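The structure appears right after this line, and notes come after that.
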Amino acid sequence: MQNVSNKDVNKDVAALVTKVNDYSWDIPTSYKPGMRVPGRIFVSSKLLENLERNTLDQTASVATLPGIQGHAMAMPDAHSGYGFPIGGVAAFDRNTGIISPGGVGYDINCGVRIIRTDLSLEEVRPGMKELIELLFRGIPSGVGSKSKLRASDRELTDALLHGAKWAVESGYGVKEDLEHCEENGFMEAADPSKVGNKARSRGKPQFGTLGSGNHFLEVQYVDEVYDEEAAEVFGLHKGQITVMIHCGSRGAGHQICEDNLKILDNAARKYGIVLPDKQLACAPAESTEGQNYFRAMAAGANYAWANRQVITHWVREVFTKFFGRDMDDLGMHLVYDVAHNVAKLEEHTVDGEKKMVYVHRKGATRAFPPGHPDIPRSYRKSGQPVLIPGSMGTPSFVLHGTYRAMELTFGSACHGAGRVSSRTQALKAFDGETIQKELAARGISVRATRPSVIAEEAPSVYKSSEEVVDVVHQLGIARKVVRVMPIGVAKG
């Protein structure tokens, strides 16, 4: 390895990291007292230029936590978050390690799914403005938005326990949808009794709602195919219309995180865990406190899968009505659904030994390889679909997982483009109506609850999705299959 001195990279960060290769940089254990393992940042020299110092600090702090395995990692879209960096990945030994809400985030199982169709760009583009308006009206979005679905207490409990399975069995989808979800759309560890009343009351009216911030519903088309064989396995081809849904567990997940942060802050002191940052509140993974959080988090993850499934059903209804064709005729099949913010108990090989570890992926996507038993049978030839959305007006990508990911990143890849400016900074720099007009001139219809939402999510406040995806592709932890471009975006 060689020390970085390249004048093209951020001097402050460059002086603190060691180059492993063109796309990997290590934070030595000397960076911060108490580091048990090095940190590892997966970025190109160009992306390193804009990497925040705080992202290094947070990655190094994660490396101090008990039972951490391999490296504390940050993906190419990484930026500072609560405790762990967003774009952070860390695995902790089941017996000696910890579990931390900061390693999952407030929006438990914020994730993304992509639906393919048999529609072509030529069929859809002429009516795009009207279609996106119907989608915007048909799927409630925005802060505090409430669902058209009035769930009972029993239904809420069933959704927390069974996730997308509950939604499908309630008539919001088909069995095939479950087969094409990570974890088949629900985590078996979920225990609704560990979810507090406030989280339940916040989540109950929000099933089938898109939320706000970077969440979106996007109509896209496949504009480039990189891997014909994998694309065929996923049912994707050039010129085809797809729909991408990006949202999470809404108020329920936020409250589950909030409730457990207080408990795990006390637990860290109880178990003598020294934290360099209070935001890293945690408990031993197998402790009562750790397991109570894990089971509540799993219930929050299930809520998110149920939420995306209900939205999918309503999207299909809008398309069916708009085009006057049924779902089968439209070919509206779920390609895959992946979680971005979650902790999972998985078996991985560490230093030649198989171990059960709690993998925290915060703003990171699982990227399991061909043949892995945890991915759908129909995809075992190609590897798990990896979905990496762009930023309103920029490309999104479908990739596939690899064996290399299992070696380097505990089977993980990045989850999006990654912000480079805060929402406050974006509001000062951009005018939402102007951005909307600029996107319209490029053939992209955008509908949002208010212009400020568009300003906050302007494409320029994010890293280049092309550059971010190129890093994971070049590293071989996920390989590009297709690129999709937006033609219509609905945001909260």
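The values are calculated or read from the model by the stated rules, or taken from the named source; none is laboratory data. Predicted model only: the values in this text are computed from it and were never measured. Heads up, the Cβs are rebuilt from the backbone with ideal geometry, glycines too, and the neighbour counts pull from every protein chain shown.
Screening residue 168 against (1) in a loop (DSSP other than H, G, I, E, B); (2) of a type in the set (A, V, I, L, M, F, W, C); (3) out of contact with any Ser or Thr (no Cβ under 8 Å at 6 or more places or on another chain) leaves a single unmet condition, (1). If you check 307, 260 for being over 30 Å from residue 400 (Cβ atoms), of a type outside the set (A, V, I, L, M), at pLDDT 95 or above and surrounded by 24 or more Cβ atoms within 10 Å (Cβ to Cβ), only one passes: 260.
Conditions: (1) surrounded by fewer than 22 Cβ atoms within 10 Å (Cβ to Cβ); (2) assigned to a strand (DSSP E or B). Residue 243 meets all but one. Number of the miss? All conditions pass for residue 243, except number (1). Quick check on region 118-158: of everything there that is in contact with a Pro (Cβ under 9 Å, 6 or more places away or on another chain) and in a helix (DSSP H, G or I), which residue is farthest from residue 254 (Cα to Cα)? Filtering region 118-158 for residues that are in contact with a Pro (Cβ under 9 Å, 6 or more places away or on another chain) and in a helix (DSSP H, G or I), the one farthest from residue 254 (Cα to Cα) comes out as 158.
Kindly indicate whether residue 219 is in the same structural domain as residue 398 (by TED's automatic domain parsing), surrounded by 24 or more Cβ atoms within 10 Å (Cβ to Cβ) and over 24 Å from residue 301 (Cβ atoms). When the stated conditions are applied, residue 219 passes them. Restricting attention to region 123-141, does a residue exist that is in contact (Cβ under 8 Å) with a residue 60 or more places away in the chain, out of contact with any Ser or Thr (no Cβ under 6 Å at 6 or more places or on another chain) and closer than 30 Å to residue 377 by Cβ? Scanning region 123-141 turns up no residue that is in contact (Cβ under 8 Å) with a residue 60 or more places away in the chain, out of contact with any Ser or Thr (no Cβ under 6 Å at 6 or more places or on another chain) and closer than 30 Å to residue 377 by Cβ. From the list 185, 127, the lone residue that is surrounded by fewer than 17 Cβ atoms within 10 Å (Cβ to Cβ), among the small types (Gly, Ala, Ser) and out of contact with any His (no Cβ under 7 Å at 6 or more places or on another chain) is 127. Is there a residue in region 443-453 that is under 20 Å from residue 224 (Cβ atoms), assigned by TED's automatic domain parsing to the domain that holds residue 124 and touching a residue at least 24 places away in the same chain (Cβ under 8 Å)? Yes: one or more hits. Among the residues of region 291-306, are any part of a strand (DSSP E or B), assigned by TED's automatic domain parsing to the domain that holds residue 254 and not aliphatic (A, V, I, L, M)? No, every residue in region 291-306 fails to be part of a strand (DSSP E or B), assigned by TED's automatic domain parsing to the domain that holds residue 254 and not aliphatic (A, V, I, L, M).
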